[in-house]
Amino acid sequence: MIKLVLMDLDGTLTEDRDSTRIDLDAIYAIRLLKEKGIKVGLVSGNSYPILRGLYTYLYLDGGIVAENGCIVFYKEKYRLCKQMDKNLVIEFKSLFKLRDTWQNEYRECDFGFVPAKLTDEMINWAKEKNLYIKSSGYAVHIAYNPAGKSVGVEKLLQLQGLKKEDVAAIGDSSTDIELFQQVGFKVAVGNADDELKDIADYITSNKSGKGVREFVDKLLKGELDVIK
Ligand SMILES: O=C(O)COP(=O)(O)O
Ligand SMILES: [Mg+2]
């Protein structure tokens, strides 16, 4: 039985993959889960303070994984990755002519940059330095390995005493591949990256936030092939 639903933020709870407007149907879906006693948590590349605020005002209870797995919150806050060396941030930005995302001033381990287009040169640079590197479609992220949503989600489930089979997740980008590694039921929104769709148990017909609503409606009606 699903006891916790983990939701990505950008491109998943929003109206589309280039939007930061949270879809009203996605908020409604969160309320429906809560009414049924299913917890909802956020798993995102966004910074901790932004997700912590959203968590409070969306009235969530399933915990937070921030900075692509590096920060976890469940009753208290945990930092799981090494703090970023600011000189590396400067080098990365100037080498590839990137700009800071507005949340970088609030970040500890995982930093985000725009434009969000990942190149082979960037991947090689990161590999040499043993850094995590991925694009969410909103930003290119770097962090010291081990990083990635799986690191944080593993900790979050451990804190709540939950097994993979108790947990479903929904996401949109290749940064959610690591989220999917830790959960029993994997959902990709209709407009998700192909590589995420390829490993999903269910792909919604609708995009982003409307896809979240579709998934939740089907889950609550018992129409999905989850372990009951
Ligand atoms: O921080 C980003 O770039 C996107 O975050 P997401 O993991 O919520 O999609
Ligand atoms: Mg996303």
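Observations on the structure shown:
- Gaussian network model of the chain, Cα within-10 Å springs - most flexible of T14, T204, T119: T119
- The simple spin-label model puts a point 7 Å past each Cα toward its Cβ; for K77 and E121 those points are separated by 3.6 nm.
- Qualifying lysines (Cα of each under 20 Å from Cα of K34; at least 8 residues distant if same chain): K3, K75, K163, K164, K186, K210, K218, K221, K228
- The stretch 145-228: C-alpha gyration tensor shape, a/c 1.5 cut-off, then a/b vs b/c: oblate
- Assuming charge only on the beta carbon of Lys and Arg (+1) and of Asp and Glu (-1), the dipole of the stretch 1-144 about its Cα centre is about 380 debye to the nearest 20.
- Going from the residue with the fewest nearby Cβ atoms within 10 Å to the one with the most, M1, M7 rank M1, M7.
- When the charge dipole of the chain is built from unit charges on Cβ atoms (+1 for Lys and Arg, -1 for Asp and Glu) and taken about the Cα centre, the candidate among L80, W102, A139 whose Cα reaches farthest toward its positive end is L80.
- Overall form of the chain per C-alpha gyration tensor (a/c, 1.5; a/b vs b/c): prolate
- Ascending count of other beta-carbon atoms within 10 Å, so fewest first, for C70, C109: C109, C70
- A straight chain from S205 to L32 at 0.36 nm per residue would run longer than the Cα-Cα distance by 60.3 nm.
- Long-range HN-HN contacts of Y132 with modeled amide H, under 5 Å: A143, Y144, N145
- Rounded, prolate or oblate (a/c below 1.5 giving rounded, otherwise prolate when a/b exceeds b/c) for the stretch 1-74 by Cα gyration tensor: oblate
- Computed [θ] at 222 nm, deg cm²/dmol, the chain (DSSP H ≥ 4; -39,500 (n - 2.57); rounded to nearest 500): -9500 deg cm²/dmol
- Point-charge dipole on Cβ atoms (K/R +1, D/E -1) for the stretch 119-228, about Cα centre, debye to 20: 380 debye
- Ordering A200, A116, G53 by Cα displacement along the dipole of the chain toward the positive end leaves G53 in first place; charges were set at the Cβ atoms of Lys, Arg (+1) and Asp, Glu (-1).
- Footprinting exposure proxy for I64, I133 (fewest neighbouring C-beta atoms within 10 Å first): I133, I64
- GluC sites (Glu not before Pro) lying in DSSP loop within the stretch 155-228, provided at most 11 other Cβ fall within 10 Å: E223
- Bridge type composition, the chain - antiparallel percent by DSSP, nearest 5: 55 percent
No lab work stands behind these numbers, since they all come straight from the coordinates. What you are looking at is a predicted structure, and each value in this text was computed from that prediction instead of being measured. Methodologically, a virtual Cβ is constructed for each residue, glycine included, from the backbone with ideal geometry; neighbour enumeration extends over all protein chains shown.
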